[in-house]
1. Please verify whether the range 446-457 includes one or more residues that are open to solvent by less than 30 Å² (accessible area, probe 1.4 Å) and free of Cβ contacts under 8 Å to residues at least 40 places away in the same chain.
2. When you check ASP334 against the structure, is it charged (D, E, K, R), under 18 Å from MET406 (Cβ atoms) and at pLDDT 95 or above, yes or no?
3. In the range 506-527, what residues are open to solvent by 10 Å² or more (accessible area, probe 1.4 Å) and under 15 Å from TYR210 (Cα atoms)?
4. For the range 405-422, name all the residues that are more than 28 Å from the chain's Cα centre (by Cα) and closer than 14 Å to ASN441 by Cα.
5. Mind counting the residues in the range 213-250 that are open to solvent by less than 10 Å² (accessible area, probe 1.4 Å), out of contact with any Lys or Arg (no Cβ under 8 Å at 6 or more places or on another chain) and not in a strand (DSSP E or B)?
6. Which residues, taken from the range 242-260, are farther than 15 Å from SER520 by Cα and β-branched (Val, Ile, Thr)?
7. Within the bounds of the range 277-288, is there any residue that is modelled with pLDDT of 95 or more, out of contact with any Cys (no Cβ under 6 Å at 6 or more places or on another chain), farther than 21 Å from LEU517 by Cα and of a type in the set (Lys, Arg)?
8. Of all residues in the range 403-437, which are free of Cβ contacts under 8 Å to residues at least 60 places away in the same chain and over 30 Å from GLU351 (Cβ atoms)?
Amino acid sequence: MDTPSGMDTSNLVAAWLSFAVTTVGLGGLISQASAINDQLDPFHANRTAEYLGVWFQRQQRFPWWKITKPPPLGPVIAARMADGFCGVNVIHVTRIPVAPPGKAGWSTILAMFNHEVPILPGPKDGAAAEKADSASEEEGDSIGGGSGRESADDVARSASWSRVDRKALKRHQSHACIVISRTTLITMLAVTNGRPVFQYSDACGFRAGYASYCGQWYITWPIGQEAIVKFAAHDSIGQTEVLPRSFALRVDRCGQIVSGVVSSPTSDFAVAFCGRKATGTYRLEHAIKGFQGAHSGRHLYNMMGGKAFEVDFLHARAVVAAPATLSAFPPSSDTESANLATDNEDILVLELPNKDDKRLTVKFLIPPAEEAVLKHALDVLPWTSLSWSAHRGLRDILLAYGKPVMDFYRAQLADLLRKTVETRPDVLRARGWDAAFVRNNMAHMAASAVLAGQGNSGDSVRVVTDIAAVYVGNWEVARLDEVRFWRREDVRRDAVGDMPAELDAQGVVALTKLFVLEWSQEFDYQLYHHLPISLYFA
């Protein structure tokens, strides 16, 4: 067998050395090209887990030999009254994101809106809860008064929205955005109990800021550019949180209230309210199936998937003069509304705020037939755990009508809620409330909120509504939605006596729903006029 000569060995070594040098050189060129391409990628800063949160793990894998990277993927978010949020009507909202949210606003919202009850620490019972409270106060860990810990995988899975369709993100300024409709934006504002903080429309474009229970919303639409929406969670909520971490909200009911519609879950009763009026005197008229011809919130209701032609309408018709003789019925302690009635008591007169400066210079004449509609609407106000972003006309009229009765029973309702906390603290702890908060603060907080008559605190509303739910027992939501209190013949007659009758469970639920309306926020249901059809959600 021939052995390779020295020349052949040298050639072989030179060939291998040449191959190695070429490989290293090509590797260096590829690395440099990849680094350059990475820097030229418009989404370079938006592909990280820090920005995308759990959506970082849901990106498509792309081959290493491809030069151009495809845009990252984000969720397709659609929300409206008829279809719910991404197809889910009952969502479980948390103010502290369940899964790591990332920096993107759309990622944060999906970590707060849960399609199922999130897996969170559960409450302790009895002495164990008391012992845990004292320990948690010393260690600075008293969130939710819960026991146990869940795995990170379970938490991420509970807020994953993994079945939501995905679509390539859009680059806008330094943000990786999804595209949403204005209907979706208004629905999310209503669900999070949004209220306007500022709004400007000038030669530079449109800007608005909305505070909400879950965080801050910012809308910017510069002239000649795309409109962009940003959302940021509150930075003031953390170890001091004593409320249950999640609570259920119904997207359809939020859409109805912001559009000015109240409907019955057990019948075809559905009525819409007119908007706030200019100074003057008006007669309220019930127009059967008249919402389709109204201005008010009709267009928003249709945008959200409602059928306005199926809804009655309470129309305000201007009159030349009010009845000559009016007498107060009964005096109201609240400055927002007052009630008046004629001597023959056939027509009730409500004093409402005007649309210009909110002074009580609008008089609404309420005939008996229309009064019956108001009573029915108050009885079927939907139950909720959070204050509403409410249509102004709906809120004004129902509060003006219900205030005298509410004032008459206000002290009794406050005392009843206080006693419920004192006698059933174990039930409240089982619902996720911090044991120390239940023991020391909850009863006083609820009573103070009811006695105040109005306010701006989602926490107070959650406290009062949960205590009321504990008081009446295991009522289903449909039963809470519709009661028979305001339609009783003796309700308004008894409200002028010296001593209120004892409230039953129906009355507690009815007055609690009116309390929620007292603490709800006015919302501009014509916001859509200021927005384009679609917006970037950063």
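1. Yes, the range 446-457 contains a residue that is open to solvent by less than 30 Å² (accessible area, probe 1.4 Å) and free of Cβ contacts under 8 Å to residues at least 40 places away in the same chain.
2. no
3. Result: GLN521, GLU522, ASP524, TYR525, GLN526.
4. Those that are more than 28 Å from the chain's Cα centre (by Cα) and closer than 14 Å to ASN441 by Cα: LYS419, GLU422.
5. 1
6. VAL242, VAL251 - these are the residues of the range 242-260 that are farther than 15 Å from SER520 by Cα and β-branched (Val, Ile, Thr).
7. Yes, the range 277-288 contains at least one residue that is modelled with pLDDT of 95 or more, out of contact with any Cys (no Cβ under 6 Å at 6 or more places or on another chain), farther than 21 Å from LEU517 by Cα and of a type in the set (Lys, Arg).
8. Listed by number, the residues that qualify are ARG418, LYS419, THR420, VAL421, GLU422, THR423, ARG424, PRO425, VAL427, LEU428.
The values are calculated or read from the model by the stated rules, or taken from the named source; none is laboratory data. Quick caveat: nothing in here was measured; it's all calculated off a predicted structure. Don't worry about glycine lacking a Cβ; one is built from the backbone with ideal geometry, like all the others, and counts go over all protein chains shown. In case anyone asks, the SASA skips ligands and DNA or RNA and just uses the protein heavy atoms, side chains included. Shrake-Rupley method; radii C 1.70, N 1.55, O 1.52, S 1.80 Å.
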